[in-house]
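One structure below.
The values are calculated or read from the model by the stated rules, or taken from the named source; none is laboratory data. In this text, all values refer to a predicted model and were calculated from it rather than measured experimentally. Positions of Cβ are backbone-derived with ideal geometry, glycine not excepted, and every protein chain shown enters the neighbour counts. Remember, those area values only see protein heavy atoms, side chains included, never the ligands or the DNA or RNA. Shrake-Rupley method; radii C 1.70, N 1.55, O 1.52, S 1.80 Å.
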Amino acid sequence: MNNPSREEIKKVLDAAKTIAVVGLSPNVNRTSYMVSEAMQKAGYRIIPVNPAADEVLGEKSYASLLDLPEPVDIVNVFRRSEFLPDLAEDFKRIDCPVFWTQLNVVDEEVFNDLTEKGYTVIMDRCIKVEHAILK
């Protein structure tokens, strides 16, 4: 599994405007909240995907990727690795070019499947850290 180069990741972040965050918690002490809040403050629109939340960071939350009302530029995943195969299946049914998983969230089969289908896949990287390094 080889993630895109830092140059390619910078291009992804520069082109993106909207990020759907799967597993975004409304709890301000959770990593998903802190990372998403930082990305929101950096100018990205954050769309929460969490069936247990109505709203996070001032944005309506959706139960699944399939419920998103509009295309997004990045799907950022804060779920355990075991959930990636099902999330990847939903991801393939929406209009999004980039599947990104946070630190320690990895599934090589999902990586290979999505990459072979032409998607940009970034795994085991924190989007906030990459943004800070590359801006």
Sulfur and carbon atoms: percent of accessible area, the chain [1.4 Å]: 45 percent
Mean residue ellipticity (222 nm) of the chain, computed from DSSP H runs ≥ 4 via -39,500 (n - 2.57), nearest 500: -9500 deg cm²/dmol
Count of Lys pairs (Cα-Cα under 25 Å; at least 8 positions apart or interchain) in the chain: 23
Local electrostatic count at Lys60 - Lys and Arg +1, Asp and Glu -1, tallied over other residues with Cβ under 14 Å: -4
Where Ile133, Ile122 fall by accessible area, highest first, once all protein chains stay in place (1.4 Å): Ile133, Ile122
Net charge, Gln102 excluded, C-beta distance under 11 Å - Lys, Arg +1, Asp, Glu -1: +2
Charge sum, other residues only, whose C-beta stays under 10 Å from Val22's C-beta, Lys/Arg counted +1 and Asp/Glu -1: 0
Relative packing of peptides 18-28, 99-109 - highest average C-beta neighbours within 10 Å first: 18-28, 99-109
The chain - convex hull of alpha carbons, volume per residue in Å³: 99 Å³
The chain: most fluctuating residue of Arg80, Arg93, Arg45 per GNM, C-alpha cutoff 10 Å: Arg93
Accessible area, probe 1.4 Å, largest first, for residues Lys17, Lys128, Lys135, Lys117: Lys135, Lys17, Lys117, Lys128
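Taking all protein chains together and a probe of 1.4 Å, list Asp73, Asp67, Asp14 from the most accessible to the least accessible.
Numbers: Asp73 50, Asp67 80, Asp14 100 Å².
Order by accessible area, largest first: Asp14, Asp67, Asp73.
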Binned Cα-Cα distance frequencies in segment 7-74 - 5 Å width, integer %: 4, 19, 29, 24, 15, 7, 2, 0
Accessible area of the chain divided out per residue, in Å², using a probe of 1.4 angstrom: 53 Å²
